[in-house]
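Peer 1: Mind looking over this structure? Questions follow.
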């Protein structure tokens, strides 16, 4: 099923049983969610209400379950970014209360047990306030777990670099695999896919860059956890069957290059955007623009 030279039809892949997708799904995926407050606003929910926390947790569990059901074994997600630590007022005061309830509250622990998830919080040296929460998660690990959700909190732009350098120094790690083992306490494959939101950027404060290998990147434009199963399947199909273009024998590779002229001479730039209200959104440069 993962033969890129003879791929299944996209329609067949979208309708295939979960195990077919799981057979080619990268075991490790980074999901950099964003726009949760915009998503709540679209649903008529104030981001300064307890309803926002309640709905976000429910949406998060449902979203992550789609990834795990389709074959992901290790899912990495950033719990708190540096700008959130810099916020003031009501949001800043509620931040750790929501994390406490949303990640280790009774509803969350019941979901993990029901779904067979192991959940861990990384970067604790930088955010010691979360150490007790992680201990609760360790104690609540189901006896039979199939998936691991790795959550990271990064209070400063450089905290994950400090974490990686300290782990490498303490363990004398010399390879990527050794550094990942030093960070996580076990062997975890490097991420095969990075799914972000909004602006196509990879930053140092989301997930330790040690987790990045040959990582295919996608950025959705639907805010929050509103990423359906069809979207996930399309990204997997693209990364497995459309992006695998390397050929050992290149003798006939350029025979039809003239037919590709209009595409190869296009001035479109993936990643160029425009401002829509207070936000960035993708745009396209037309061929007649200089």
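The values are calculated or read from the model by the stated rules, or taken from the named source; none is laboratory data. Everything numeric here is computed off the predicted structure, so don't read it as measured data. Cβ coordinates were reconstructed from backbone atoms using ideal geometry, including for glycine residues, and neighbour counts include every protein chain displayed.
Peer 1: For region 258-272, does any single residue satisfy the condition of being touching a strand residue (DSSP E or B) at 6+ places or on another chain (Cβ under 6 Å), within 30 Å of residue 152 (Cα to Cα) and modelled with pLDDT of 90 or more? Break it down into steps so the answer makes sense when it comes.
Peer 2: Of the residues in region 258-272, the ones touching a strand residue (DSSP E or B) at 6+ places or on another chain (Cβ under 6 Å) are none.
Checked region 258-272: no residue is touching a strand residue (DSSP E or B) at 6+ places or on another chain (Cβ under 6 Å), within 30 Å of residue 152 (Cα to Cα) and modelled with pLDDT of 90 or more.
Peer 1: Being touching a residue at least 40 places away in the same chain (Cβ under 8 Å) and assigned to a helix (DSSP H, G or I) is the filter here; which residues of region 20-36 pass it?
Peer 2: So the first thing to find is which residues in region 20-36 are touching a residue at least 40 places away in the same chain (Cβ under 8 Å), and the list is 21-36.
The answer is 21, 22, 36.
One line per residue, one yes/no per condition, for (1) over 16 Å from residue 80 (Cα atoms); (2) out of contact with any strand residue (DSSP E or B) (no Cβ under 7 Å at 6 or more places or on another chain):
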position: 115; (1), (2): yes, yes
position: 138; (1), (2): yes, yes
position: 147; (1), (2): yes, no
position: 156; (1), (2): no, yes
position: 166; (1), (2): yes, yes
position: 169; (1), (2): yes, yes
position: 198; (1), (2): yes, no
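Peer 1: Take region 94-107 and flag every residue that is touching a strand residue (DSSP E or B) at 6+ places or on another chain (Cβ under 8 Å) and modelled with pLDDT of 85 or more.
Peer 2: Start the filter on region 94-107 by keeping residues that are touching a strand residue (DSSP E or B) at 6+ places or on another chain (Cβ under 8 Å), which leaves 95, 99, 103.
Correct list: 99, 103.
Peer 1: Assess whether residue 280 counts as being surrounded by 12 or more Cβ atoms within 10 Å (Cβ to Cβ) and under 16 Å from residue 35 (Cβ atoms).
Peer 2: Details: surrounded by 12 or more Cβ atoms within 10 Å (Cβ to Cβ): yes; under 16 Å from residue 35 (Cβ atoms): yes.
Here the answer is yes, as residue 280 does meet what is asked.
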